[in-house]
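Q: Submitted below is the structure of interest, expressed as structure tokens.
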Amino acid sequence: MKNLLKFLLFVGLLSAAISALYDYRLKNGGLSLVARATPEKYTLASTPSIEAKEVATLDALSRERRALISSVVPAVVSIRTSKKVPMRRQHMDPFEFFYRNSRQFRNPQEQAKVQASLGSGVIVSTEGHIITNNHVVDQVDEIEIQLHDGRMLQARLVGADALVDLAVLKVDEPGVKPLKFGDSDAVQAGDFVLAVGNPFGFEETVTDGIISSKGRPNRVDGFGDFLQTNAAINPGNSGGPLINLRGEVIGINTAIISRSGGSQGIGFAIPSNSVKSALESLLKQGRIIRGYLGIQMRTLPGGQTDQDTDGIVVEDVVPGSPAAEAQIQPGDIIRKFDGREVKSFPALRSMVSQVELNKKVQLEIVRAGKPMTVSTEIKEQPIDYQTARVAPRQQRQPLLPPGPQTQPSRPDPNEPLEDDLQDNDTPLAGIEVGELTPELAQRLDIPPGVKGVVVTNADESSGELRKGDVIEEVNQQPVASVADYRKLASSLDPTGAHVLSVCRGRTRSFVVLRALR
């Protein structure tokens, strides 16, 4: 009891001392509760640093850009999806030990959790059809659309195609204002563009830039080729439109090259002409109809023949294809397709993909130095075309340019490939991969249909690659297994840069790796 009284006395004395010190500093200026300093004098600028008439053109440009953006943004929507996935139990339910049917008493919320993701889309019809990327809405349970005015609407999936990476949604809302498709064939490098979308959940974000290049090979399909832009595109922009200065959709943003996971000035969009063809196929046929010519080819630079224009050299012809029916032969040079000049393999691929099925087209070719004209009908690409096509001499893909396919010599054919990766100085040397099993794909939330290998370990030389990333392609070459990956890795240039197509969850992007020096 005496100790308690002593403690209370000590606390009281200490409190009195602190109070006295506080009062002393307050009275002698050491502590002030109210600012008593003399107000600072200040004078704000009253005139701009430059007269408005001296920047009248820039001021007019700013007003025009505001008008353009205000006319476009209402047609761009934010897409929010959700998917229920089973929760993994961390402990055994004691009731299950005694009762087999005990699960009926458990909270259903303990059985599943909801994963949400964000994306973008653009209204393209007065009936409420919306274009977005397939990977935004693939294998989800619920799709919600947020309109410009903030309203949330349920959307239904009309159709989708994983190869083109496009999906069509629909909302039943009268009065929506669609955007018009522009002509992506008329787009040129240097054209000013706007990217509108929902990056990182920030709705109606607008970024600007130019068309950096066109005709970039896309990921897996010959249906069209990408437009490259330096307009900032980030996760969440997927499915949003790329807009020209007339407010027309000239592309659908779909992928980026990045070592950080964010925009680094290299983004890709599916050209609007390919998007429009895919949209009409999905709405009319319920699927995308792919026309094909049935040849394997390489680009012929101008000046290598008696003519000065570019062309395509035919290397192989698929039996039974439209090209075979036209009696096109290996060595023929295709100069024009349906009256349009063929300057490169991407141009011809795009022309073929946009032709109506069963349409009679003429091809102007050069055979043995003599110009000829042949005709054929463009047919729908067979379902098994990719697996049943003719085996080329250089193992090239149809409608793709040639590339070095040589493999490094081996002192011992039975030597394990792992040794190659350990001794190789390429950026892939620091990456360890494993097979992508269906169970692992579900655990990593990888969309169905994605093929590749899973990164199991990556050191600092591997850039922004992370454990759990799925490598789908290396330098545009598909990777279906660990054996494919090792074969590609062993043939890479140790001093070059290499582009990896990567799927991380439901986000797809490109990662560029360079050899460390």
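Just so it is clear, none of the values below were taken in a lab; they were calculated from the coordinates. Remember, predicted model here, so these are calculated numbers, not experimental data. With ideal geometry, Cβ positions are generated from the backbone for all residues, glycine too; neighbour counts draw on all protein chains shown.
Q: Take the cross-link list K180/K360; K284/K360; K284/K379; K84/K276; K214/K370 and give me the ones stretching past 23 Å between alpha-carbons.
A: K180/K360; K84/K276; K214/K370
Q: Taking the Cα centre as origin and putting +1 on Lys and Arg beta-carbons and -1 on Asp and Glu beta-carbons, what dipole magnitude results for region 124-222, to the nearest 20 debye?
A: Roughly 240 debye, rounded to the nearest 20.
Q: If we sort 158-170, 347-359 on the protection proxy, mean other Cβ atoms within 10 Å, highest first, what's the order?
A: 158-170, 347-359
Q: Something else: Need the full-extension length gain, D23 to A162, defined as separation in residues times 0.36 nm minus the C-alpha distance. One decimal, nm.
A: 42.5 nm
Q: Obtain the nm distance between the two label points defined at R65 and R340 by a simple spin-label model: each point lies 7 Å from its Cα along the Cα-to-C-beta direction.
A: Distance between the two pseudo-spin positions: 3.2 nm.
Q: If you stretched the chain out fully between S49 and V499, how much longer would it get, using 0.36 nm times the residue separation minus the C-alpha to C-alpha distance? Before the final figure, lay out the partial values.
A: On the way: separation 450, 0.36 × 450 = 162.00 nm, distance 4.70 nm.
Gain on stretching S49 to V499: 157.3 nm.
Q: Turning to a different aspect of this structure: For E173 and R466 in the same chain, what is the full-extension length gain: residue separation times 0.36 nm, less their Cα-Cα distance, in nm?
A: So the chain would gain 101.3 nm between E173 and R466.
Q: Below 12 angstrom from the Cβ of A60, what's the summed charge of the other residues (Lys, Arg +1; Asp, Glu -1)?
A: In short, +2.
Q: Could I ask something else about it? If you add up the charges near Q285, with Lys and Arg at +1 and Asp and Glu at -1, over every other residue whose beta carbon is less than 15 angstrom from its beta carbon, what do you get?
A: Around Q285, the charge tally is +1.
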